[in-house]
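The values are calculated or read from the model by the stated rules, or taken from the named source; none is laboratory data. Since this is a predicted model, take the numbers as computed values, not measurements. Methodologically, a virtual Cβ is constructed for each residue, glycine included, from the backbone with ideal geometry; neighbour enumeration extends over all protein chains shown. Remember, those area values only see protein heavy atoms, side chains included, never the ligands or the DNA or RNA. Shrake-Rupley method; radii C 1.70, N 1.55, O 1.52, S 1.80 Å.
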Amino acid sequence: MADSMMSKAATMEIPINSNGDSRNLAEDDSLEQDAKIQWSLREKVGSPTGLRDFQQVMVSGPNLNETSIVSGGYGGTTEGIIPTSSIKGPAVHLNIDFLGNRRIPNEGQGSNMHHASSNSSMTAEDATRGVAVEKFDIVKKWGLNTYKCTKQMISERFGRGSRTVDLELEAQIEVLRETKRKYENVLHLARALTNHFYSMVQTQQALGDTFADLSQKSPELRDEFGYNAETQKLLCKNGETLLGAINYFVSSINTLVNKTMEDTLMTIKMYENARLEFDAYRADLEELNMGPRDAVTMARIEAAQQQYQIHKEKYERLRSDVSIKLKFLEENKVKVMHKQLLLFHNAISAYFAGNQQQLEQTLKQFNIKLKPPGADKPSWLEEQ
């Protein structure tokens, strides 16, 4: 193979024109240098210093923009010398790997499109990765907080851990819970009274209609049935008025128990959770302070101190909110119950005393408007 390469190089050294004259010496020197470069590539690239030698050759080699392409032959009448600088077209970059083989990459437009698509895919991948990392951090913090709180709760239940206690506030919370249970019982009994009294009013109405019908069909007892029919109708009318007062009483108690008190108890629940978290991080900080004081432990102590301060501020803020809500709840409860108990007493007394005028006056005093009979029933259009 070496002999063939040498013979090929020898034939390339002396180009012949159509007249048999040799070319000028400048062109011979350039062609000879090209042949030597090609011959030395395969010998030097495989050596340990092949890359350095190859770089030196590329630096000292001829400039491809200044070389010429010689066109000639045995039967040609003229010779053609075409400078490579005159050849126009897309620029092609040649890369030579460590084995001496040429690699021709894609043209500029294809490489730019590939680069743009790769950048867009990397951007989407980075965004997805950022969302996943954020969700992982949230789950990690939640798991760590749940572990600490569960540990603190178990320690308190078995008497091994200490808890922060505000005796005055705890007493007020316990009173509120007991009051709520009693008011729920009042609400339950008031609803039962409403249901039973409504049944009695319906019975009185049916009985009055029956007496009125019998007074028409029994001439000998017309007056007696007539008196009883009027009495039952009057009792039914007064009973509907009393039902309006009782329903208003039940609605107000329901709002007080299931909305106002429940809202305060929700704040109390948040306060108790904040107290548990505060004690959990306080215990964690105390445990770290009792350990060694190396560099890693000091960093953990500093982080625990920050978490402790955050949960302490949250606990104190919720404790203040609970105190304010308990104060306002007590004032609101006294105001509402004073009005509702007065209404209930006056309405019941007027009804059983048979004082229809006083019963109606009681409803006007508390701005209670009775619904007309059948107002709760849907119209025939709504039923369709």
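For residue 180, work out the one condition from (1) open to solvent by 70 Å² or more (accessible area, probe 1.4 Å); (2) under 37 Å from the mean Cα position of the chain (by Cα); (3) among the basic types (Lys, Arg) it doesn't fulfil. Answer for residue 180: the failing condition is (1).
For region 160-176, residues that are open to solvent by less than 60 Å² (accessible area, probe 1.4 Å) and without any contact (Cβ under 8 Å) to a residue 12 or more places away in the chain total 2. Among the residues making up region 202-231, those that are closer than 30 Å to residue 191 by Cβ and either under 60 Å from the mean Cα position of the chain (by Cα) or open to solvent by less than 30 Å² (accessible area, probe 1.4 Å) (or both) are 202, 203, 204, 205, 206, 208. Residue check: is residue 302 loosely packed, with under 12 Cβ neighbours inside 10 Å, charged (D, E, K, R) and out of contact with any strand residue (DSSP E or B) (no Cβ under 9 Å at 6 or more places or on another chain)? So residue 302 fits the description; yes.
Just give me the residues in region 232-242 being hydrophobic (A, V, I, L, M, F, W, C) and crowded, with 17+ Cβ neighbours inside 10 Å, in sequence order.
The first filter runs over region 232-242 and keeps only residues hydrophobic (A, V, I, L, M, F, W, C), leaving 234-236, 242.
Result: 235, 236, 242.
From the list 279, 321, 294, 284, the one residue that fits, being of a type in the set (D, E, K, R), closer than 18 Å to residue 170 by Cβ and over 27 Å from the mean Cα position of the chain (by Cα), is 279.
Among the criteria (1) open to solvent by less than 60 Å² (accessible area, probe 1.4 Å); (2) assigned to a helix (DSSP H, G or I); (3) more than 25 Å from residue 157 (Cβ to Cβ); (4) of a type outside the set (Lys, Arg), the one residue 309 does not fulfil is (1). Just to verify a result, which residue in region 313-355, among those that are of a type in the set (S, T, N, Q) and part of a helix (DSSP H, G or I), is farthest from residue 248 (Cα to Cα)? Filtering first and then ranking leaves 320. Within region 334-347, is even one residue surrounded by 12 or more Cβ atoms within 10 Å (Cβ to Cβ) and more than 30 Å from residue 234 (Cα to Cα)? Within region 334-347, one or more residues are surrounded by 12 or more Cβ atoms within 10 Å (Cβ to Cβ) and more than 30 Å from residue 234 (Cα to Cα). Residues of region 148-159 that are out of contact with any helix residue (DSSP H, G or I) (no Cβ under 9 Å at 6 or more places or on another chain) and open to solvent by 80 Å² or more (accessible area, probe 1.4 Å): 154, 157, 158. Residues in region 348-367 that are over 50 Å from the mean Cα position of the chain (by Cα) and open to solvent by 100 Å² or more (accessible area, probe 1.4 Å) were compared, and the one that is nearest to residue 239 (Cα to Cα) is 352. Would you be able to say whether some residue in region 176-186 is of a type in the set (A, V, I, L, M, F, W, C), within 15 Å of residue 246 (Cβ to Cβ), at pLDDT 95 or above and in a helix (DSSP H, G or I)? Checking region 176-186: at least one residue is of a type in the set (A, V, I, L, M, F, W, C), within 15 Å of residue 246 (Cβ to Cβ), at pLDDT 95 or above and in a helix (DSSP H, G or I).
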